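Colleague: One structure is given below, represented as structure tokens, and several questions about it will come after.
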């Protein structure tokens, strides 16, 4: 009987010891992450080789970078829409213009700007962790809006791709960007924010794919299409300016469902890609 009790005590001690070891190991992994595996995704764009700062990029150049990333983001439920989880996983480790960038994401805490106001998201780099992009997304403020969460995440990915690399070249550099609300996702004045928005738009709703779906849905609704200059799929027609508002609204809603974004998001991309004749991007 005594030996049996001793064995139970030893097993209990062993179990407690292993639990403590596992907790310590997990904590150490959080404080000192393991060495990153070989990069599976490398992005590139014109930049200053010394600082990593992007050169001024036209919209098409930003779209091309977004296409590089979109090509490797896993898709399961839809051939058109990306998911938040797949996008976050794809950018966990990146190589941008030869510089390694890791990202750490937090979706569980309220996010505030410097005045204490709740905001959708924050991207920042810190001198103590060069090469690490820190991103916080405010799920409490986003609420039951998966489309808003997806667009917020894609916007912050734009900052990772274009604004994190300089922190590798200049470890003392600190950068912080705040996404205040939905209006910031389709209109911004600062160059970095406009670039992140353009990247977000092309990542979630690329020009050729949107044009392809637009043509397919317009045909199914027997809507007329016309030849006009555009920035979408070569050789395809676009909607005429005379398209009835209710028909356009229906098309916009259907396309929003295809890509997992809002109607407003699609309306902006239709204009940016000039897929409605006479629209000014």
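Colleague: Any idea which of 191, 174 is loosely packed, with under 14 Cβ neighbours inside 10 Å, in contact with a strand residue (DSSP E or B) (Cβ under 7 Å, 6 or more places away or on another chain) and modelled with pLDDT under 90?
Modeller: 174
Colleague: Using the structure shown, decide if residue 253 is in the same structural domain as residue 177 (by TED's automatic domain parsing) and touching a helix residue (DSSP H, G or I) at 6+ places or on another chain (Cβ under 6 Å). Reasoning before the result, please.
Modeller: On the way: in the same structural domain as residue 177 (by TED's automatic domain parsing): no; touching a helix residue (DSSP H, G or I) at 6+ places or on another chain (Cβ under 6 Å): yes.
No, not satisfied.
Colleague: Something else: Please specify each residue of segment 249-281 satisfying the condition of being in contact with a strand residue (DSSP E or B) (Cβ under 9 Å, 6 or more places away or on another chain), surrounded by fewer than 20 Cβ atoms within 10 Å (Cβ to Cβ) and within 15 Å of residue 206 (Cβ to Cβ).
Modeller: If the condition is that a residue be in contact with a strand residue (DSSP E or B) (Cβ under 9 Å, 6 or more places away or on another chain), surrounded by fewer than 20 Cβ atoms within 10 Å (Cβ to Cβ) and within 15 Å of residue 206 (Cβ to Cβ), then 274 is the only one that fits.
Colleague: Let me ask another. With respect to residue 161, determine if the residue is buried (at least 18 other Cβ atoms within 10 Å of the Cβ), closer than 22 Å to residue 47 by Cα and at pLDDT 95 or above. Lay out the reasoning, then the answer.
Modeller: Values: buried (at least 18 other Cβ atoms within 10 Å of the Cβ): yes; closer than 22 Å to residue 47 by Cα: yes; at pLDDT 95 or above: yes.
Judged against the criteria, residue 161 is a match.
Colleague: If residue 45 passes every condition in (1) surrounded by fewer than 19 Cβ atoms within 10 Å (Cβ to Cβ); (2) more than 16 Å from residue 165 (Cα to Cα) but one, which one does it miss?
Modeller: (2)
Colleague: Pull up segment 106-137, narrow it to residues that are outside any loop (DSSP other than H, G, I, E, B) and over 17 Å from the mean Cα position of the chain (by Cα), then point me to the one that is surrounded by the fewest Cβ atoms within 10 Å (Cβ to Cβ). Please lay out each step first, then the result.
Modeller: Step one: of segment 106-137, the residues outside any loop (DSSP other than H, G, I, E, B) are 106, 112, 118, 121-125, 132-137.
From what's left, over 17 Å from the mean Cα position of the chain (by Cα): 112, 118.
Values: 112: 15, 118: 13.
Here the residue is 118.
Colleague: Please state which one of 226, 238, 205 is modelled with pLDDT of 95 or more, crowded, with 19+ Cβ neighbours inside 10 Å and more than 26 Å from the chain's Cα centre (by Cα).
Modeller: Only one candidate passes the filter, namely 238.
Colleague: In contact with a strand residue (DSSP E or B) (Cβ under 8 Å, 6 or more places away or on another chain), farther than 23 Å from residue 260 by Cα, surrounded by 17 or more Cβ atoms within 10 Å (Cβ to Cβ) and in contact (Cβ under 8 Å) with a residue 12 or more places away in the chain - does that describe any residue in segment 138-153? First the steps, then the outcome.
Modeller: Initial filter on segment 138-153 (in contact with a strand residue (DSSP E or B) (Cβ under 8 Å, 6 or more places away or on another chain)): 138, 140-141, 149, 152-153.
Next, from what is left, pick out any that are farther than 23 Å from residue 260 by Cα: none.
No: zero hits.
The values are calculated or read from the model by the stated rules, or taken from the named source; none is laboratory data. Just so it is clear, the model here is predicted, and its values are computed rather than measured. So basically every Cβ, Gly included, is an ideal-geometry build from the backbone, and we count neighbours across all protein chains shown.
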